[in-house]
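Novice: Please read through the structure below; I'll follow up with questions.
The values are calculated or read from the model by the stated rules, or taken from the named source; none is laboratory data. Keep in mind the model is a prediction, meaning the values are calculated, not measured. In this analysis, Cβ positions are derived from the backbone assuming ideal geometry, glycine residues included, and neighbour counts consider all displayed protein chains. Just so you know, the surface numbers come from the protein's heavy atoms only, side chains and all, with ligands and any DNA or RNA stripped out. Shrake-Rupley method; radii C 1.70, N 1.55, O 1.52, S 1.80 Å.
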Amino acid sequence: MESNISFSHPVGFWIMGFQSLLDTNYYFVFLAFVYIGTLLGNFFLMMVIWQSEALHTPKYLVVFSLSVVDVSHSTALIPKCINQFLFDSRFVRYDLCLTQMFFVHYFYAIESFSLVIMAFERLVSICFPLRSDAIITNIRMFGIIAFFWALTLAIQVASLVLINRLSFCKPVPSVMSYFCDHGPVFKMACSDYTPNWELATVFMIAVIFVPLAFILMSYVCIIVAVSRITSAEGRWKTFKTCSAHLILVAIFFIPFLVIYTIAWIYVKIDINTRILNTSLSAVLPPLLNPIIYTLKTEEVLEKFLRKRSQTSQKKYTYCDSAERENGKLSPWWCPVTRLVLLCT
């Protein structure tokens, strides 16, 4: 005999945030500046890649995709946090809560998979240098990126379906996090949330441990390939092309591994420590990714400096012609342009 089970949805959720911590408003003001920096840095990187045909390669197709993900992830997370904690609007309606949960975790997973794709691109380029252009084309790279976007979409849709099956005893449950996080939300349910817990475990393994294992194995192969290069200069030059990716991997994975290792050893971790660590590990990589890729990648830095030099040279030519025409005074920015050209 089948029993009829009714699942009640709450009106919304109350986001608790930091507990008994003074002056937390300053932290969310800091996040506002982080968000602005994230938008500026990633839009700048996307503009450089978009305008330079020399960067229309599989490698920078992934970098462009990562910048889109960084902007999307930060937009799904930070503005809502600022509204909740700076303007004291911590109540979130049920549908809006699930929407934020979907997009935050979706783009977080895509960022992890983007680092995997970058590792694969480096692996092929270094271990198979003569065949890399044939193995990885722009079309194939686009297909790989689309596959991971679709895979993550399927996982997140399944997560939302399982959340909708839960019943909550309170009309407005309190979520012990700084946003509508998946784990803290389903743990507030009165009904059995074992399927949610199992899916969360699968998500963590698929998004954190499997990508990290693949990246580590890729770099083992890369180190073996680099060690076969005869000259020390050649080895350093080859491995230097991986430096930006290695920094991004460390920034993305290490905070997560630290907080969950501590939680595994000590069973329970302070809520403020967990929120601070998870929030910083969520918002800082999107801010630092474009900075690292611009400064540590010669192609991007070269294109930026060349474009700036061409723009300044046009202004310099205009200044000279303006001064030669009947003693006409040059615009105010001409001395500044000359100084920039001398410095670069």
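Novice: Can you find a residue that is of a type in the set (Asp, Glu) and under 21 Å from Val63 (Cα atoms) anywhere in region 169-181?
Specialist: Taking every residue of region 169-181 in turn, none turns out to be of a type in the set (Asp, Glu) and under 21 Å from Val63 (Cα atoms).
Novice: Sticking with this one: Just checking, which of Leu212, Leu199 is under 15 Å from Met101 (Cα atoms) and either open to solvent by 70 Å² or more (accessible area, probe 1.4 Å) or of a type in the set (A, V, I, L, M) (or both)?
Specialist: None of the other options fit; the residue is Leu199.
Novice: May I pose another question? Answer with yes or no whether Val224 is part of a helix (DSSP H, G or I), surrounded by fewer than 12 Cβ atoms within 10 Å (Cβ to Cβ) and over 28 Å from the mean Cα position of the chain (by Cα).
Specialist: Taking the combined requirement at face value, the residue satisfies it.
Novice: For Ala154, indicate whether it is aliphatic (A, V, I, L, M), without any contact (Cβ under 8 Å) to a residue 12 or more places away in the chain, more than 20 Å from Ala282 (Cβ to Cβ) and assigned to a helix (DSSP H, G or I).
Specialist: yes
Novice: Return only the number of the condition from (1) surrounded by 17 or more Cβ atoms within 10 Å (Cβ to Cβ); (2) without any contact (Cβ under 8 Å) to a residue 24 or more places away in the chain that Lys59 does not satisfy.
Specialist: Condition not satisfied by Lys59: (2).
Novice: Pick out the one residue from Ser89, Ser132, Ser112, Ser72 that is surrounded by fewer than 21 Cβ atoms within 10 Å (Cβ to Cβ) and under 17 Å from the mean Cα position of the chain (by Cα).
Specialist: Ser72
Novice: Do you know which residues across region 39-78 are over 20 Å from Val283 (Cα atoms), part of a helix (DSSP H, G or I) and not polar (S, T, N, Q)?
Specialist: Listed by number, the residues that qualify are Met47, Val48, Ile49, Trp50, Glu53, Ala54, Leu55, Pro58, Lys59, Tyr60, Leu61.
Novice: Look at Val175 and say whether it is touching a Phe, Trp or Tyr at 6+ places or on another chain (Cβ under 6 Å) and within 18 Å of Ala119 (Cβ to Cβ).
Specialist: Considered against the rule, which asks whether it is touching a Phe, Trp or Tyr at 6+ places or on another chain (Cβ under 6 Å) and within 18 Å of Ala119 (Cβ to Cβ), Val175 comes out as no.
Novice: Now a separate question. Ser65 passes all but one of (1) touching a helix residue (DSSP H, G or I) at 6+ places or on another chain (Cβ under 7 Å); (2) surrounded by fewer than 18 Cβ atoms within 10 Å (Cβ to Cβ); (3) polar (S, T, N, Q); which number fails?
Specialist: (2)
Novice: To continue, here is another question. I'd like to know if region 23-37 contains one or more residues that are closer than 28 Å to Leu257 by Cβ, more than 14 Å from the chain's Cα centre (by Cα) and open to solvent by less than 20 Å² (accessible area, probe 1.4 Å).
Specialist: Looking through region 23-37, at least one residue is closer than 28 Å to Leu257 by Cβ, more than 14 Å from the chain's Cα centre (by Cα) and open to solvent by less than 20 Å² (accessible area, probe 1.4 Å).
Novice: Pull up region 184-196, narrow it to residues that are out of contact with any helix residue (DSSP H, G or I) (no Cβ under 9 Å at 6 or more places or on another chain) and among the hydroxyl-bearing types (Ser, Thr, Tyr), then point me to the one that is surrounded by the most Cβ atoms within 10 Å (Cβ to Cβ).
Specialist: This residue is Ser191.
Novice: Give the residue that is modelled with the highest pLDDT, with candidates limited to residues of region 92-147 that are assigned to a helix (DSSP H, G or I), farther than 30 Å from Phe13 by Cα and charged (D, E, K, R).
Specialist: Arg140
Novice: Pull up region 180-199, narrow it to residues that are touching a residue at least 40 places away in the same chain (Cβ under 8 Å) and part of a helix (DSSP H, G or I), then point me to the one that is nearest to Val116 (Cα to Cα).
Specialist: Here the residue is Leu199.
Novice: Here is a list of conditions, (1) open to solvent by 60 Å² or more (accessible area, probe 1.4 Å); (2) in contact with a Lys or Arg (Cβ under 7 Å, 6 or more places away or on another chain), and Gly12 meets all of them except one; can you say which number that is?
Specialist: Of the numbered conditions (1) open to solvent by 60 Å² or more (accessible area, probe 1.4 Å); (2) in contact with a Lys or Arg (Cβ under 7 Å, 6 or more places away or on another chain), the odd one out for Gly12 is (1).
Novice: Next question. So Phe252 clears everything in (1) open to solvent by 30 Å² or more (accessible area, probe 1.4 Å); (2) at pLDDT 85 or above; (3) of a type in the set (A, V, I, L, M, F, W, C) except one condition, right? Which one?
Specialist: Against the list (1) open to solvent by 30 Å² or more (accessible area, probe 1.4 Å); (2) at pLDDT 85 or above; (3) of a type in the set (A, V, I, L, M, F, W, C), Phe252 comes up short only on (1).
Novice: I'd like the full set of residues that are in contact with a Ser or Thr (Cβ under 6 Å, 6 or more places away or on another chain) and touching a residue at least 60 places away in the same chain (Cβ under 8 Å), limited to region 19-56.
Specialist: Selection gives Tyr35, Thr38, Asn42, Leu45.
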